[in-house]
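All remarks here apply to the structure that follows.
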């Protein structure tokens, strides 16, 4: 008798007892320990499905494709991060697999990894007309390959991880997304007036530090007891923030907002993560700011806090960062002259010999 679970049937055995049986092409039939919807069934079913994926793989044994399939089932990949994070990582793995799927993992040396990463630094346009490549792309690929080849080492397919011995590609210091300056912000605000979606998008990110995936979903339910409360999708940080007056004004000026999210498409639905990023790109281009992105506003609020003498702990509390190194990366764009004026000015006032004159 078929069940609502794919590949699972339930029939009486020779003793008349109902037994669930898992059958799938390429796998040996297996009687399950429990029946559907009983405690323990879901876990056993998922394990059988995951195992069947590996068994069914037609990839060349110990090839890149074989490794990728197994890697998706390991704890380092399947058990860490959010769905969005895993989707991003899978995209990196698949971009590598598409080029080298039939190559044996054991044949990769550090020189091959370096050549692959060097090629990834070259910026180009893909078949969809989108820009790809660059130093950041190479850095992200290197990080994921290092983890995947580390798993191959655990499988005892290789004795050493070739990515560990490969040099980091690119001499330029990677600073990530461009951080908006005060001039950029003023130029955008001059182009997009209060009461427009474009302006509200800027004020949301600029005064909450949200990533674009959180900003596009930010809505009435996230205003709690006169404060902003949301859970960061990337790392699960539960954040409580005060509402800035500029953000209040931008919300109050909107002729209408969505019931689920403040920002909605022309069809009244919340933006997708990619759709919101594309819309921000359009709004920035309209303001003649091709260098600016949604994520760059996240760096701008970190810069503003650094210039306002906020502590590392305070900046992490606002943006939901876990480590100090992340704060350092995002506050690197803080105005050196202004910070030096505050830090050294007080020292000069206290210790300069001119005070004795």
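What follows draws every value from the coordinates through simple rules; no lab data is involved. Just so it is clear, the structure is predicted and the values come from calculations on it, not from any experiment. Note: ideal-geometry Cβ built from the backbone for every residue, glycine included; neighbour counts use all protein chains shown.
Before moving on, here are some points about what is shown:
- Between the helical axis of 182-191 and the longest alpha-carbon principal axis of the chain there is an angle of about 80 degrees.
- Between the stretch 262-316 and the stretch 82-157, the Cα center-to-center distance that results, in Å: 28
- Fewest-first ranking of 45, 31, using other Cβ atoms within 10 Å as the exposure measure: 31, 45
- Between the labelled values (1) 1.07; (2) 1.09; (3) 0.99, the entry that holds Rg/Rh (Cα atoms, Kirkwood Rh) as derived from this structure is (1).
- At an R0 of 51 angstrom, the distance between the Cβ atoms of residue 23 and residue 225 translates into a FRET efficiency of 0.40.
- Fewest-first sequence of 204, 116 by Cβ atoms within 10 Å of each Cβ: 116, 204
- If you plug the beta carbon distance of residue 143 and residue 281 into 1/(1 + (r/R0)^6) with R0 = 30 Å, you get a FRET efficiency near 0.75.
- Value of [θ]222 nm, deg cm²/dmol, for the chain, DSSP H segments ≥ 4, -39500 (n - 2.57) each, nearest 500: -15000 deg cm²/dmol
- Ranked for footprinting exposure by Cβ neighbours inside 10 Å, fewest first, 112, 15, 192 give 15, 112, 192.
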